[in-house]
Amino acid sequence: MSPAPEHTGDGRSIGQLFAAATAEMSALVHDEIALAKAELRQDARRAAMGSVALVLALALALFAVPMGTMALAYVLHRTGLPLDASFAIVFGAFVVLAALIGLLGIGRFKKVKPPERSISSAKQTAAVLQKAKPHPRPQEPAEAKAIDARM
């Protein structure tokens, strides 16, 4: 007679427990991957917004300054200021505006962080797996007979 499969206190065999543990480990790995993807998506959005702000600042500095300088300088000159002072005031205003938008973009980039929760979760999982010791799988009676029949 073949020995009966070993059962634990809750009525499940060792094989069933191992299968359940394997399924749960697989689910844990999939959940960690999903968490990492979600964190990276969020940081990618922040980086994209920072990039857009910096591009807008550059576009403002490149396109608006020359045309705006000319127009506003002549408007200021009509108020009685000398022409050179009018140009200096307009130039300073555009530089300050470009600096503010640039600082906004840099602030967005500083909010981009590594996926800390995913990293710590993966480290915890790795620590648990390093402590686990693999056990040889006992052969089922049918498998043992099939192996003996092949020999």
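Read-outs: derived from the displayed coordinates by stated rules, not from any lab. Note that the coordinates shown come from a computational prediction; the quantities given were computed from them, not determined experimentally. Virtual Cβ from ideal backbone geometry, glycine too; neighbours counted across all protein chains shown.
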task: Would you order Thr22, Thr69 from fewest to most other beta-carbon atoms within 10 Å of each residue's own beta-carbon?
output: Thr22, Thr69
message: Neighbour counts of other C-beta atoms within 10 Å: give me Ser120, Ser51 arranged from fewest to most.
response: Ser120, Ser51
query: What residue among Ala93, Leu81, Ser121 has its Cα farthest toward the positive end of the dipole of the stretch 81-130, where the charges are +1 on Lys, Arg and -1 on Asp, Glu, each on the Cβ?
result: Ser121
query: In the neighborhood of Ala48, defined by Cβ-to-Cβ distances under 13 Å, what is the net charge if each Lys or Arg adds +1 and each Asp or Glu adds -1?
result: +4
- request: Could I have the simple spin-label model distance between Ala44 and Asp10, label points 7 Å from Cα toward Cβ, reported in nm to one decimal?
  value: 3.8 nm
statement: Ordered by fewest other Cβ atoms within 10 Å, a rough proxy for footprinting exposure, Val96, Val90 read Val96, Val90
field: Compactness relative to 2.2 N^0.38 Å, alpha carbon Rg of the stretch 14-116
entry: 2.07
field: Relative contact order %, the stretch 13-110, counting alpha carbon pairs below 8 Å whose residues are six or more apart
entry: 37 percent
- prompt: Expressed in nm to one decimal, what extension gain is obtained for the pair Phe109 and Val128 from 0.36 nm per residue of sequence separation less their Cα-Cα distance?
  reply: 3.4 nm
task: Can you grab the distance from the C-alpha centre of the stretch 22-42 to the C-alpha centre of the stretch 65-122, Å, no decimals?
output: 41 Å
